[in-house]
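The values are calculated or read from the model by the stated rules, or taken from the named source; none is laboratory data. Computed from a predicted structure; not experimentally measured. Here the Cβ is made from the backbone with ideal geometry for all residues, glycine too, and neighbour counts use every protein chain on show. To get the accessible areas, we keep the full protein, side chains included, count just its heavy atoms, and leave off ligands, DNA and RNA. Shrake-Rupley method; radii C 1.70, N 1.55, O 1.52, S 1.80 Å.
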Amino acid sequence: MTEVTEDLRSWIGRSETLHDAVNPTPVIALTATLDHPAIDAAPGTLLPPLWHWLYFLPMHRQSEIGADGHAKRGGFLPPVPLPRRMWAGSQFEFRSPIRVGDRVARTSTIDDVTTKEGRTGKLVFVKVRHELRCNGAAEPALVEFHDIVYREAQNPSDVPPPPVAAPAEAAWRRRIVPDDVLLFRYSALTFNGHRIHYDRQYVTQVEGYPGLIVHGPLIATLLLDLLRRQVPGADVASFRFKAVRPTFDLNAFHVQGQPDADGKTVRLWASDHEGWLTMDATATLR
């Protein structure tokens, strides 16, 4: 694994730049998916935080798709020789608005590659830095760090980490029912072919999970959506989230929030039907 690690670390610094336009249809579609009243998303409409995930979608050819529904290893991301890939967390700086009609360039750079020995074997962490620039601007409107974790295949003898109880008190709380339609619509909107989100036979028999897995980015989006519902017009300056425990479609879950006394910092979290913490996040307002 040492030789593999050094080879993977040689990918640090590699970058690519993609271009896209903030078209209205994905905004209208996610608005409906999150159960908001319909909007026309006219040019100039402000893109809510995290909705940039509706753009720069992975357009791999069908022949390039691997057994898990993701693209086969290689390309921009380092070819980590571990079968399971998960979104572990992200950190964001929202520096200036992104609006419908903007033309956006996203420069992505491999920021770091590290390995560690986990409870269930080898883990490889890849951190990717994304910078989004609008309409030819020199400075990025958004800076995102994306943490990806690769791990070994599920083993029946694996012992899951002990769960952590979610905070008992919340100022805001919303119940979410993660049915097949919600997961399908979000997968379609983000062109996410990962089979753990829609293929029940695959996720239970191959990956060893009890049900379909709710997308981490969807839960993060629902956390900031809760903030938007409770504080209309909130101007988010930064946001970070960490996935703590998988959320499955077998039961409803909750997104919750608690603003600090200063009114500028909001702790947001998700919990499952048993009260265990599944995602922990913090938003900072301007």
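Check off (1) open to solvent by 10 Å² or more (accessible area, probe 1.4 Å); (2) farther than 23 Å from residue 185 by Cβ; (3) part of a strand (DSSP E or B) for residue 283 and give me the number that stays unchecked.
(1)
Kindly check whether there is at least one residue in the stretch 54-77 that is modelled with pLDDT of 95 or more, at negative phi, buried (at least 17 other Cβ atoms within 10 Å of the Cβ) and of a type outside the set (Phe, Trp, Tyr).
Yes: one or more hits.
Yes or no, residue by residue, for (1) open to solvent by 20 Å² or more (accessible area, probe 1.4 Å); (2) in a loop (DSSP other than H, G, I, E, B):
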position: 218; (1), (2): no, no
position: 221; (1), (2): no, no
position: 233; (1), (2): yes, yes
position: 250; (1), (2): yes, yes
position: 254; (1), (2): yes, no
position: 263; (1), (2): yes, yes
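Tell me whether the stretch 82-91 contains one or more residues that are hydrophobic (A, V, I, L, M, F, W, C), farther than 18 Å from residue 216 by Cβ and in contact with a Gly (Cβ under 7 Å, 6 or more places away or on another chain).
no
Looking only at residues in the stretch 191-203 that are over 16 Å from the mean Cα position of the chain (by Cα) and of a type outside the set (Ser, Thr, Tyr), which one is surrounded by the fewest Cβ atoms within 10 Å (Cβ to Cβ)?
This residue is 201.
Among 138, 188, which is the only one that is modelled with pLDDT of 95 or more, surrounded by fewer than 14 Cβ atoms within 10 Å (Cβ to Cβ) and part of a helix (DSSP H, G or I)?
Residue meeting the stated conditions: 188.
Return the pairs, sorted by first residue and then second, in which the second residue is hydrophobic (A, V, I, L, M, F, W, C) and open to solvent by 20 Å² or more (accessible area, probe 1.4 Å), the first residue lies in the stretch 237-264 and is in contact (Cβ under 8 Å) with a residue 12 or more places away in the chain and over 27 Å from residue 179 (Cβ atoms), the beta carbons are less than 7 Å apart, and the residues are 6+ apart or on different chains.
237/94; 237/285; 238/94; 258/170; 258/171; 259/171; 264/285
Being of a type in the set (Gly, Ala, Ser) and in a strand (DSSP E or B) is the filter here, so list the residues in the stretch 265-280 that pass it.
Correct list: 270, 271.
Among the residues of the stretch 78-121, how many are small (Gly, Ala, Ser), in a strand (DSSP E or B) and at pLDDT 90 or above?
5
Among the candidates 214, 177, 181, 206, single out the residue that is crowded, with 18+ Cβ neighbours inside 10 Å and among the β-branched types (Val, Ile, Thr).
Sole residue among the options that is crowded, with 18+ Cβ neighbours inside 10 Å and among the β-branched types (Val, Ile, Thr): 214.
Looking only at residues that are within 30 Å of residue 116 (Cβ to Cβ) and open to solvent by less than 70 Å² (accessible area, probe 1.4 Å) in the stretch 11-47, which one is modelled with the lowest pLDDT?
If we take residues in the stretch 11-47 being within 30 Å of residue 116 (Cβ to Cβ) and open to solvent by less than 70 Å² (accessible area, probe 1.4 Å), then 11 is modelled with the lowest pLDDT.
Which of the residues belonging to the stretch 160-211 are touching a Ser or Thr at 6+ places or on another chain (Cβ under 8 Å) and in contact (Cβ under 8 Å) with a residue 24 or more places away in the chain?
166, 178, 182, 185, 186, 189, 193, 194, 210, 211 - these are the residues of the stretch 160-211 that are touching a Ser or Thr at 6+ places or on another chain (Cβ under 8 Å) and in contact (Cβ under 8 Å) with a residue 24 or more places away in the chain.
Going through 108, 90 one at a time, which residue ends up being open to solvent by less than 30 Å² (accessible area, probe 1.4 Å), under 26 Å from residue 178 (Cα atoms) and among the polar types (S, T, N, Q)?
90
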